[in-house]
Amino acid sequence: MNYVWSFLVIFGVFFAAINGKMADCTKAVIDAAKGSVELAIGLIGIMAFWLGIMRLAEEAGLVRFLSRILQPVLRPLFPDIPKDDPALGAIVANLAANVLGLGNSATALGLKAMTELDRLNPAKKTASNAMCTFLALNTSTITLIPATIIAVRASAGSANPAEVIGTIFVATCVATIVAIVAVKTLEKLPAFKVTPSQEVQNG
């Protein structure tokens, strides 16, 4: 990604220079930097609030409680994870953050969940089925309250920042179904299976 972004920046500056648009390019950079700062400040409040809520839920045992309730759903999706393993709690915490549409606030929880899944992974250099399934869910989770999107729209001056809730809910439902079907189909194909010899080499 660093190469891609570097190419885009250099490419843009080069064409601005040969077309005599350097003044416009400089102004766009300054305006974008100013806008990003204003947007970040506008997001601080809601991000801090939801991160605090998630932390309280974790400390109060709510995450562990939810993981037990969601066992019937999680077990078929993650059959390789032992019952009541901390990895399930970490997955629930991340999915809960994504359901609330917390965006970047869910990143830390996602990293924690992936760390727990890697702990259970016998082939350290190859992603396990559970890790792939979690990644698919993490990137397509059903979103009930897109808090981050609403905050971004509100900070950008939208007259009705919450009007996208219905559209996002339907889109994420479809995305989640497709992601689960895709990952469960692919993990059964020989090309994506980890053989015992690979596990020994990677371990």
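The values are calculated or read from the model by the stated rules, or taken from the named source; none is laboratory data. Just so we're clear, the structure is a prediction, and the values are computed from it rather than from any experiment. We place every Cβ from the backbone using ideal geometry, glycine too, and count neighbours over all the protein chains shown.
For segment 151-194, a residue qualifies if it is in contact (Cβ under 8 Å) with a residue 60 or more places away in the chain, closer than 30 Å to ALA40 by Cα and assigned to a helix (DSSP H, G or I), and the qualifying residues are ALA151, VAL152, ALA154, SER155, ILE168.
Within segment 98-113, is even one residue over 30 Å from VAL37 (Cβ atoms), modelled with pLDDT of 85 or more and in contact with a Ser or Thr (Cβ under 8 Å, 6 or more places away or on another chain)? No, because not a single residue in segment 98-113 is over 30 Å from VAL37 (Cβ atoms), modelled with pLDDT of 85 or more and in contact with a Ser or Thr (Cβ under 8 Å, 6 or more places away or on another chain). Scanning segment 152-203 for residues that are out of contact with any Gly (no Cβ under 7 Å at 6 or more places or on another chain), at pLDDT below 80 and under 30 Å from LYS34 (Cβ atoms) gives VAL152, ALA156. Note on segment 158-190: residues that are within 13 Å of LEU137 (Cβ to Cβ) and within 18 Å of the chain's Cα centre (by Cα) total 10.
Filter segment 80-105 for residues that are β-branched (Val, Ile, Thr) and within 26 Å of ILE150 (Cα to Cα); which is surrounded by the most Cβ atoms within 10 Å (Cβ to Cβ)?
Checking each candidate, the answer is ILE91.
Restricting attention to segment 106-125, the residues being part of a loop (DSSP other than H, G, I, E, B) and buried (at least 16 other Cβ atoms within 10 Å of the Cβ) number 2. Within segment 60-97, how many residues turn out to be at pLDDT below 80 and of a type in the set (Phe, Trp, Tyr)? Total satisfying the criteria: 1. Scanning segment 134-150 for residues that are under 12 Å from the mean Cα position of the chain (by Cα), assigned to a loop (DSSP other than H, G, I, E, B) and buried (at least 20 other Cβ atoms within 10 Å of the Cβ) returns SER140, THR141, THR143.
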